[in-house]
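What follows draws every value from the coordinates through simple rules; no lab data is involved. Note that the structure is a prediction, hence the values are computed from the model and not measured. Backbone-built Cβ (ideal geometry, glycine too); neighbour counts: all protein chains shown.
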Amino acid sequence: MASRGEQIHDVSIGPHHLPGRLGVPRGASGLVIFAHGSGSGRHSPRNNQVAAGLREAGFATLLLDLLSAEEERDRRNVFDIALLAARLAEAADWAQTQPELAHLAIGYFGASTGAAAALVAAAEGQNVAAIVSRGGRPDLAGSALRAVSAPTLVIVGGADIPVIPLNRAAFAQLGCAKEFVIVPEATHLFEEPGALDEVMRRATSWFRRFLSQQAQETDDDFIFADRRDAGRRLVPELIRFKAQDPIVLALPRGGVPVGFEVARALDAPLDVALVRKIGAPGHEELGLGAVVDGANPQIVLNDEIVRAVGADPAYIKAETTRQLDEIERRRRLYRGSEPPLKIEGRTVIVVDDGIATGGTVRAVLQALRHSQPRRLVLAVPVAPRETIEALKAEADEVICLLAPEPFYAVGAHYRDFRQTSDGEVVDLLHAAQNAVVQTRA
């Protein structure tokens, strides 16, 4: 049923005349295009239910068939992600030619294979402001995942056991602002009472945050241009440490551009704080603890999890050795033959581009504490308030410029949150080293 004065009508989209169903509420603040999964289309009852909720929240919606009836008869087309992505791009291009839609930012809502198509379309240059994947197969987007810059919300059913690890693996490859949500007890189609309502709530919140015109007009004081801009904004809070001859340790890779600006302003040496998770036997995604690089590498274990999974000392030793080898490989990549900086008795400033849950940063701080720094300071541009409060027990001082409520994602506070490459890390570390040498010559 139409609401908010919305108009719903059938449309024919692009050169392939894709049949679609367009709903535009009065004063729409964005357009959400639905990418359906295999065997589904514009008549999908679940996506129509979500679309109705989004229109009620003020978003225009476009549900369409990405394949013709003839094309759907060939099952290979249903899993041809490149083809589905191209059709989705057609729909986005078509929307930009329509007077009632041309001014609206575009978001994608993808289900099943449609989620992969949405991610590929976004990675290939489509001007997409936000993506939501519901019970999707984002893993099928392959290498395109690393090129996605649009903030992405991944929603998975807690009882959809086969696809959870596939979604987690794909999520790990995304370098954009992102969030991973599991809806408890929901199966693949979210047919359980309240499950689809939770999807709708989460999707609406995500699109309001990243897609709406109001979100596009967010005060510049709460948005960093990029990571180096964030580092420059941290400097006024840290300049008082300059007289203490500090060391700046950045978490790679995203923390290095932030740390570079801090180190340059403080005439301080810059190094990377390399940390690797120690995974549980048979479940590497579950962390038993972490090993942190340094002149004397430190191991931080979660004894409760170690006992729960029954990890024996031999396994922990072998896994620790393996992660130390990987840390050494990365150190050679970033620093060549340069040894880690000695931090005993020094003021150490740990920097990252932002914090979400704080697990990795906590391990780094705990490990560094064992190396007996004079003072341990954590400095980040943005993090949730509760995370910052929890980390205060691990450092002598915690500095955070922004602690928004509610907190969505680190990347939400950056205009440019593209992944930092290994090459950029190497260049910045070398530049920082040269700057210190010149300053102290």
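Key figures
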read-out	value
Three-way shape label, segment 101-141, alpha-carbon gyration tensor, a/c 1.5	oblate
Separation of the H370 and A172 label points, Cα + 7 Å toward Cβ, nm	2.3
Antiparallel %, DSSP beta bridges [both residues in the chain], to 5	35
Rg [Å, one decimal], Dmax [Å, integer] - segment 7-216, C-alpha atoms	15.3, 44
Residues with amide H under 5 Å from that of V11, placed H, sequence gap 5 or more	G20, R21, L22
Per-residue Cβ neighbour rank within 10 angstrom, fewest leading, F260, F207	F260, F207
Angle in degrees between helix 422-440 and the longest Cα principal axis of the chain, rounded to the nearest 10	30
Alpha-carbon centroid distance for the pair segment 157-193 / segment 244-318, whole angstrom	27
Computed [θ] at 222 nm, helices only, for the chain once each DSSP H run of length n ≥ 4 contributes -39500 (n - 2.57)	-11500 deg cm²/dmol
Percent of beta bridges antiparallel (DSSP, segment 246-355, rounded to nearest 5)	60
Beta bridges by DSSP in segment 7-216, antiparallel share as percent, to the nearest 5	30
Choice from S371, S205, S68 showing the highest fluctuation, given a GNM over the chain with Cα pairs closer than 10 Å	S68
Candidates Y108, Y334, Y315, ranked by Gaussian network fluctuation over the chain, Cα under 10 Å, top entry	Y315
Restraint check, K317/K392; K178/K342; K317/K342; K277/K392; K178/K277, Cα-Cα greater than 26 Å	K317/K392; K178/K342
Net charge, H43 excluded, C-beta distance under 14 Å - Lys, Arg +1, Asp, Glu -1	0
Gain upon complete extension [Q96, R26; 0.36 nm per residue less C-alpha separation]	23.4 nm
C-alpha long axis of helix 313-335 to longest principal axis of the chain, angle in °	90
Sequence of T61, T387 once ranked by neighbouring C-beta atoms within 10 Å, starting from the fewest	T387, T61
Gaussian network model of the chain, Cα within-10 Å springs - most flexible of D226, D422, D74	D74
Gained length - N77 relative to S421, 0.36 nm times residue gap less alpha-carbon distance	120.4 nm
Taking N as its residue count, the alpha carbon Rg of segment 52-160 over 2.2 N^0.38 Å	1.06
Gap separating the Cα centres of segment 326-342 and segment 397-418, nearest whole Å	29
Cα long-axis angle, helix 113-123 against the chain (0 to 90 degrees, to the nearest 10)	60
Label corresponding to percent of Cα pairs over 41 Å apart when calculated from the structure given, among [x] 18; [y] 24; [z] 43	[y]
Pairwise label distance in nanometres, A431 with D312, each label 7 Å out on the Cα-Cβ vector	5.1
Phi to ³J(HN,Hα) by Karplus 6.51 cos²θ - 1.76 cosθ + 1.60 over segment 397-413, Hz, x for Gly, Pro	7, 10, 10, 9, 6, 10, 10, x, 10, x, 9, 9, 6, 4, x, 5, 10
FRET efficiency, I305 to S12 (Cβ-Cβ, R0 56 Å, nearest 0.05)	0.50
Whole-number Å³ per residue for the convex hull built on Cα positions in segment 325-441	139
Sorted by Cβ neighbour density within 10 Å, fewest at the top, the residues V154, V351	V154, V351
Viscosity 1.567 mPa s, temperature 4 °C, Stokes-Einstein D of segment 227-440 from Kirkwood C-alpha radius, µm²/s	74
